[in-house]
Amino acid sequence: MTVVARYEEVARSLSQRIEDGSYPVGSKLPTEVNLADSYAVSRATVRSALDSLERLGMVSRRRKIGTLVESAQPTSGYMRTVTNMNDLVQYSVETRRLVLSRDEVVADQALADRIGGHAGDAWTLIRMLRLGELGEELPVCHTDVYLDPEVAAIVGDRLERPDGLINEIVERCTGRLTDRVEQRIRACALPKGLAAQLKAEAGSPCLEITRRYVESSGAVAQVTVSIHPGDRFDFNVPMQRQR
């Protein structure tokens, strides 16, 4: 049984009414107060629903004007802005995992160069998609999760559940705490083998984000490699001049 958050139900209902012309492009949606009354939910739930529609490019919200309908169809897929570890936690709340496969692999030199460690290291590889809040939107990314086999054995099938941050699940199950995250971001072309899964054109621009979760001892229990189509993810790094 799939449990759908109330704000997702509201967002889905509003998107359907936009698509069928009940709220045509260029019109204004009812106020948050009116929507909350109509759906018998809180204003916070309405705001979350409108956030979802705004990320899909279907509406825009303007101060002192209200919420305007911009498109009858999603135009941007799912886009998430991440600036820190707290945003990663929120990112895991707002997206869902769909596990595709689970295998035992031994790193060759190419894989070791890509994720760190050494050729000959054993890993449990879990391949998955990250899906957005609404069932019909485009996948957010494809992720390869490399786990220490001992950690994978303890975690079991918990990663097959759709929600939660992988690192938090690992920490909770094993007691092995992450001290820091080493992250590498590079631009690349979307591999042909992932194009169909991500519903994007092979060779189109994408971001590859590799994260190594390092413990205080220097041990690494998990590494993730995520491929994001270029129009579905933002990563912002504030930089301030040192004085």
- Query: Quick one: how many residues across region 46-88 are part of a helix (DSSP H, G or I), modelled with pLDDT of 75 or more, under 23 Å from Pro229 (Cα atoms) and touching a Leu at 6+ places or on another chain (Cβ under 7 Å)?
  - Reply: 2
- Of the numbered conditions (1) free of Cβ contacts under 8 Å to residues at least 40 places away in the same chain; (2) surrounded by 13 or more Cβ atoms within 10 Å (Cβ to Cβ); (3) within 19 Å of Leu100 (Cβ to Cβ); (4) not hydroxyl-bearing (Ser, Thr, Tyr), Ala196 fails exactly one; give the number of that condition. (2)
- Matching residues in region 38-65 (closer than 13 Å to Arg12 by Cα and among the small types (Gly, Ala, Ser)) number 3
- Note on the structure: Requiring at least 1 residues that are over 17 Å from Ile126 (Cα atoms), the helices (runs of 4 or more DSSP H) wholly within region 142-221 are 166-174, 192-198
- Matching residues, region 114-130, being under 25 Å from Lys199 (Cβ atoms) and surrounded by fewer than 20 Cβ atoms within 10 Å (Cβ to Cβ): Arg114, Leu125, Arg127, Leu129
- Where residues in region 39-66 are loosely packed, with under 13 Cβ neighbours inside 10 Å and among the small types (Gly, Ala, Ser), which of them is nearest to Leu131 (Cα to Cα)? Ala44
- Residue that is surrounded by fewer than 18 Cβ atoms within 10 Å (Cβ to Cβ) and of a type outside the set (A, V, I, L, M), where the choices are Cys188, Cys206: Cys188
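The values are calculated or read from the model by the stated rules, or taken from the named source; none is laboratory data. This is a predicted model, so every value here is computed, not measured. Positions of Cβ are backbone-derived with ideal geometry, glycine not excepted, and every protein chain shown enters the neighbour counts.
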